[in-house]
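Data first, discussion second: the structure below is written as structure tokens.
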Amino acid sequence: MTVLIERDEPVAVVRLNRPEQLNALSNQLMGELVGALENLDGDEAIRCIVLTGDEKAFSAGADIGELSDATHLELYFGGRIDKWDAIRKIRTPIIAAVSGYCLGGGCELAMACDLIVASESAQFGQPETNLGVLPGAGGTQRLTRAIGKSKAMDVILTGRFLSADEAEQAGLVARVVAKGSWLEEAKRIAREIGAKSPVGIRLAKESVNRAFETTLEAGLDSERKAFHLALSSEDAQEGLKAFTEKREPNYKGR
């Protein structure tokens, strides 16, 4: 298995499991990963997902041997890049817990998640230009939106790495924690998210993504509709009632 799953409801931890290859993203791994995430997305008991690798690498990028052996038609019709788009469509919040190398397709994978928690040892980059190509799974688009044009040009054109601190300062990383603590901190945040209404959380995620991807007018329209949809839910009524009664809410996800 190239992907391992640990359940601790309402949180699931999905671990990339090719440590000897620095979790290089083979077709098998990406297929198993998308399948695992889609299954968890349909599981009402799971309200937040943590995606991680190991201490040495979240993922050092694509499986170069596999990539270089494939024909252009195999890559196109095989839907390799579609796997990153499938991850973006997962409605359950996903936290990328990053330690060590997070490069190329691995960085694109982390950016397809909803937020990144990084060990102080983490290094981020899109070094595809070192191989005569360029990021092809969203790197030129998501990195530019996350850290701005000038910084993205610097990282992509030179192939240099961003330290965890620089990535946080640039807006790519949400939180940087001490080496060895990245996974526990990500799980702590996941439990915090998982304690809230799945209805409100999923609609909030959808609205933030809309702000990232569209105009202000369209985003505000989407937010307004999401707000009224959330307000009509049983969870919203429970949350409001619990607040007035000074007790913890019991969310059911409906």
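For segment 117-192 versus segment 210-250, the inter-centroid distance based on Cα atoms is 30 Å. For the residue pairs 205/241; 149/179; 56/187; 151/205, the alpha carbons lie more than 21 Å apart in 205/241; 149/179; 151/205.
Taking the Cα centre of segment 3-63 as the origin, how large is its charge dipole in debye, to the nearest 20, when only Lys and Arg (+1) and Asp and Glu (-1) carry charge on their Cβ atoms? List each step's numbers first, then the result.
Details: 5 positive and 12 negative charges, 37 e Å.
Dipole size: approximately 180 debye.
The accessible area of residue 189, taken with all protein chains in place and a 1.4 Å probe, comes to roughly 10 Å².
Run the dipole for the chain about the Cα centre, Lys and Arg Cβ at +1, Asp and Glu Cβ at -1, nothing else charged, and hand back the magnitude in debye, nearest 20.
On the way: 31 positive and 38 negative charges, 135 e Å.
Its charge dipole is roughly 640 debye.
Assign one of three labels to segment 142-254, namely rounded, prolate or oblate, based on the Cα gyration tensor with a ≥ b ≥ c the square roots of its eigenvalues; rounded applies when a/c is under 1.5, prolate when it is not and a/b is larger than b/c, and oblate otherwise. Since a/c reaches 1.5 but b/c is at least a/b, the shape of segment 142-254 is classed as oblate.
Taking all protein chains in place and a 1.4 Å probe, what share, in percent, of the accessible surface of the chain do carbon and sulfur account for? Could you put the intermediate results ahead of the total?
Working: 7010 of 13200 Å².
It is 53 percent, rounded to a whole number.
In the assembled protein chains, residue 232 presents an accessible area of approximately 90 Å² (probe radius 1.4 Å). Angle between the Cα long axis of helix 149-158 and the longest principal axis of the chain, 0 to 90 degrees, nearest 10? Once rounded, the angle reads 30 degrees.
The values are calculated or read from the model by the stated rules, or taken from the named source; none is laboratory data. In this text the structure is predicted, and so the values were computed from the model without any measurement. As a convention, Cβ positions derive from the backbone with ideal geometry for all residues, glycine included, and neighbour counts pool all protein chains shown. Heavy atoms of the whole protein, side chains included, go into the accessibility calculation; ligands, DNA and RNA do not. Shrake-Rupley method; radii C 1.70, N 1.55, O 1.52, S 1.80 Å.
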